[in-house]
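Working notes, beginning with the structure itself.
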Amino acid sequence: MRKVELYRFSLPMEAGIILRNQRLKTRDGLLVCLTENGKQGWGEISPLPEFSHETLDDAEATTLGWLHSWVNEEQVFESALPSVAFGLSCALAELEGFLPQQADYRKAPLCTGDPDELFAALGEMQGEKVAKVKVGLYEAVRDGMIVNLLLEAIPDLKLRLDANRSWTRAKADGFAKYVQPEFRRRIQFLEEPCKTREESREFAHDTGIAIAWDESVREEDFVVEAESGVAAIVIKPTLVGSIQRCQRLVQQAHNAGLMAVISSSIESSFGLTQLARIASWLTPETIPGLDTLSLMQSQLVRPWQGSSLPVLDIDALDVVWRR
């Protein structure tokens, strides 16, 4: 006997969170629960505005179709919508018991450029000191000066930088000019600095700053392969697809000698806890990029370890469908 439940949630965001061209006031999504033979499996389906191709309404309609088939014990297939494929694969993985409970709650703290704040966050980290800085939102020269300041102030710090393809090659070079050459090796990677892959490759070759593929991973023509100057791929499961697809990408990266980083698409605490479990399972040697809960004003059903934010319970959510 199979049962399904589908809920819709809306979590208030901290003021001023902007994704590309849109201010994100709430983080909206779906929670799905599959029940069979007394066992349950849960998943979060939350397409990210401005980044996901599908809308939440698209995801809801597709999920409802899949759930109707599953509860009637008809054959089901992996959805073509990444957020749906990921959330449903998590629910099935929990139901079938192959998603390990062990979670990696380490996170590379997001840094706004204040070394004192970063000192405090790094003081709580065990082992490798890794932080992330968003670049490309302001002037490239300013970004270069801040990155250089952080690396100079904290000698054992390694940085991950994310530019989201925001720079021309000239602006990327302007950034690099202000990062001293001896500090550049402590930049683990800079995610997609330029508007094209070829420009990003040339930037890495000319500056010695390693790059990572992020947006490229989600494009149809992308192939995971070893390349000079490329250090990593960043996998955002909500934007990529099912656990199985993420697992294949991780294996391909490792086979090519690249780092694979499991990263957040601003999921709720519920989704983040599942990402932490996936990271512990698939990339145990690598600190995941999951430091996004601070962008929200509350948690959802499953709390994140150490967070003091209030938790919204399942009873407070709208029921979309139950059978």
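Applying a threshold of 18 Å to the alpha-carbon distances of K171/K236; K132/K158; K129/K195; K171/K195 flags K171/K236; K129/K195 as lying beyond it. Each principal axis of the Cα atoms in segment 130-178 has its own extent, and those three values, largest first, are 30, 19, 14 angstrom.
Here V76 sits with roughly 50 square angstrom of accessible surface, probe radius 1.4 Å.
Solvent exposure of segment 173-290, expressed per residue, is 36 Å² of accessible area, with all protein chains present and a 1.4 angstrom probe. With the whole protein complex present, K129 retains an accessible surface near 40 Å², based on a 1.4 Å probe. Among Y138, N37, L317, flag the residue with its Cα farthest along the positive direction of the charge dipole of the chain, charges on Cβ as +1 for Lys/Arg and -1 for Asp/Glu. Checking the options against the dipole of the chain, the answer is Y138.
For segment 241-281, the residues whose amide N sits under 20 Å from a probe point set 7 Å from the Cα of E225 along the beta carbon direction are 248-260. The candidates Y7, Y105, arranged from most to least accessible area with a 1.4 Å probe in the full protein assembly, appear as Y105, Y7.
Cα centroid separation, segment 186-240 to segment 266-281: 23 Å. Which entry in [x] 35, 21, 18; [y] 33, 27, 18; [z] 42, 22, 18 is this structure's computed semi-axes √(5λ) of the Cα gyration tensor in Å? So the structure-derived entry is [x].
F119 exposes around 100 Å² of accessible area when a 1.4 Å probe is run over every protein chain in place. Here segment 48-95 is treated with +1 on each Lys and Arg Cβ and -1 on each Asp and Glu Cβ, and its dipole about the Cα centre works out to around 100 debye.
Computed packing ranks the peptides 64-70, 169-175 as 169-175, 64-70, most packed first, by mean other Cβ atoms within 10 Å.
With every protein chain in place and a 1.4 angstrom probe, the accessible-area ranking of V223, V84, largest first, reads V223, V84.
With all protein chains in place and ligands, DNA and RNA left out, the 1.4 Å accessible area ranks W281, W42 as W281, W42, largest first. Note on the chain: GNM, Cα springs under 10 Å; of G87, G208, G43, the largest mean-square fluctuation is that of G208. Given a 1.4 angstrom probe, I'd like the percentage of the accessible area of segment 133-191 that is carbon and sulfur, rounded to a whole number. That fraction is 56 percent. When a 1.4 Å probe is rolled over the protein heavy atoms, the share of accessible surface on segment 1-83 that falls to carbon and sulfur comes to 47 percent.
Simple rule: put +1 on each Lys or Arg Cβ and -1 on each Asp or Glu Cβ in the chain, find the dipole, and look at A204, I287, M13; the Cα lying farthest toward the positive end is I287.
The values are calculated or read from the model by the stated rules, or taken from the named source; none is laboratory data. Bear in mind that the values here come from a model prediction, so they are computed numbers and not experimental data. Note: ideal-geometry Cβ built from the backbone for every residue, glycine included; neighbour counts use all protein chains shown. Accessible surface is based on the protein model in full, side chains and every heavy atom, while ligands, DNA and RNA are left aside. Shrake-Rupley method; radii C 1.70, N 1.55, O 1.52, S 1.80 Å.
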